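One structure below.
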Amino acid sequence: MSKARLETLSDGVFAIAITLLVLTISAPTDYRDLGAQLIAKWPSLAAYVVSFFVVGVMWLNHHSVFANFARVDRPLYYLNLAVLLTVVLVPYPTGILGEALRRDQGTTVAALAYSGLMAVQSYCWAALWLYASAGRRLLGDSFPEAGRRPATLAFTSGTVLYTLTIGVAFVSAGACLVVHALLALYYAIDPLSRRAQPSE
């Protein structure tokens, strides 16, 4: 199967998902007090910014990780579809969480939905990496064997971190959003793919 075609599809899905995020911020309903209306929407804006950053970092890491694959096969294609399925869904819980925070209603359930999706997403990423790297099934020759175990540890530990955010959701929806922002920042500064760089 063509790796280029898979990456083209993935790029398109990431682009659509990150664009749809802006629709999670609803338009004002009362223009007589527009300033107050816009200020009141700050929770939706905060959820939008975090999710925009999350999807952007995922796109960057997706590109970096696939650069280490010499080829792709049908099972990897389906695993990648699972990742994309979760990416496309990000705008939905983002809108719910932002609105719940704005209304101060249903915040726990909204944060659980958001964290639950991110946890499932981390499982999909881990499954994709574990399949591709097991026995160096799809890894390129330039990928250092010494880097395979640290990269695998990074992917699997991510599932633990994102699962823990479900517990944070029970404590505070606002704190949950902050934790997701910090996790995205971590993966932006020290992405998983950095542990999987091919040798020079």
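The values are calculated or read from the model by the stated rules, or taken from the named source; none is laboratory data. Everything quoted here is computed from the prediction, not taken from an experiment. Note: areas computed on protein heavy atoms with side chains; ligands, DNA, RNA excluded. Shrake-Rupley method; radii C 1.70, N 1.55, O 1.52, S 1.80 Å.
Quick check: Cα centre of the range 48-73 to Cα centre of the range 91-135, how many Å?
16
Averaged per residue, what accessible area in Å² does the range 1-111 show with a 1.4 Å probe, protein chains only? Mind showing how you got there, number by number?
Values: 5980 Å² over 111 residues.
So the range 1-111 comes to 54 Å² accessible per residue, rounded to a whole number.
Relative contact order (percent) for the chain, with alpha-carbon contacts under 8 angstrom and 6 or more residues of separation? All intermediate terms of the calculation are to be shown ahead of the outcome.
On the way: 234 pairs, mean separation 53.7, N = 200.
Over the chain, the number comes to 27 percent.
Expressed as cubic angstrom per residue, what is the convex hull volume of the alpha carbon set of the range 74-188? Don't jump to the answer; show the numbers that get you there.
Numbers: hull volume 11.1 nm³, N = 115.
Roughly 97 Å³ of hull volume per residue.
Accessible area per residue, 1.4 Å probe, Å², for the range 142-191: what's the number?
Numbers: 2480 Å² over 50 residues.
I get 50 Å² per residue for the range 142-191.
Given 0.36 nm per residue, what is the gain on full extension from residue 108 to residue 1 after removing their alpha carbon distance, in nm? Before the final figure, lay out each step's value.
Working: separation 107, 0.36 × 107 = 38.52 nm, distance 4.29 nm.
Contour length minus Cα-Cα distance gives 34.2 nm.
So between residue 171 and residue 16, what do we pick up on full extension, going 0.36 nm a residue minus the alpha carbon distance?
On the way: separation 155, 0.36 × 155 = 55.80 nm, distance 3.22 nm.
Result: 52.6 nm gained on full extension.
Just the number, please: carbon plus sulfur as a percent of the accessible area of the range 70-200, 1.4 Å probe, no ligands or DNA/RNA counted.
Numbers: 4110 of 6310 Å².
Looking at the range 70-200 in its full context, I get 65 percent from C and S.
What ranking of 125, 42 comes out by heavy-atom accessible area, probe 1.4 Å, highest first? Intermediate results must be reported in sequence, preceding the final value.
Values: 125 25, 42 165 Å².
Output order, biggest surface exposure first: 42, 125.
Counting pairs of alpha carbon atoms under 8 Å apart in space and at least six apart in sequence, what relative contact order in percent does the range 81-172 give? Could the numbers behind the result be given before it?
On the way: 66 pairs, mean separation 34.3, N = 92.
That works out to 37 percent.
Kirkwood Rh and Cα-based Rg: tell me the resulting Rg over Rh for the range 20-121, rounded to two decimals. Don't skip to the end; give the middle numbers.
Numbers: Rg = 16.9 Å, Rh = 15.3 Å.
Value, to two decimals: 1.11.
How much length is gained on full extension from residue 27 to residue 67, taking 0.36 nm per residue of separation minus their Cα-Cα distance?
Details: separation 40, 0.36 × 40 = 14.40 nm, distance 4.02 nm.
The residue 27-residue 67 span can extend by a further 10.4 nm.
Starting from the exponent 0.38 and prefactor 2.2 Å, build the expected Rg for the range 1-69 from its residue count and divide its actual Cα Rg by it.
Details: Rg = 17.1 Å, N = 69, 2.2 N^0.38 = 11.0 Å.
Its radius of gyration relative to the 2.2 N^0.38 Å reference: 1.55.
With viscosity set to 1.567 mPa s and temperature to 4 °C, compute the Stokes-Einstein D of the chain, Rh being the Kirkwood radius across alpha carbon pairs; µm²/s, no decimals.
Taking Rh from Cα pairs, D becomes 73 µm²/s.
Over the range 76-134, what is the relative contact order in whole percent, taking alpha-carbon pairs under 8 Å and six or more residues apart?
Working: 32 pairs, mean separation 29.8, N = 59.
Relative contact order for the range 76-134 comes out at 50 percent.
What are the residues whose amide H is under 5 Å from the amide H of residue 139, where those residues sit 5 or more places off or on another chain and H is modelled from the backbone?
Placed amide hydrogens put 70 under 5 Å from residue 139.
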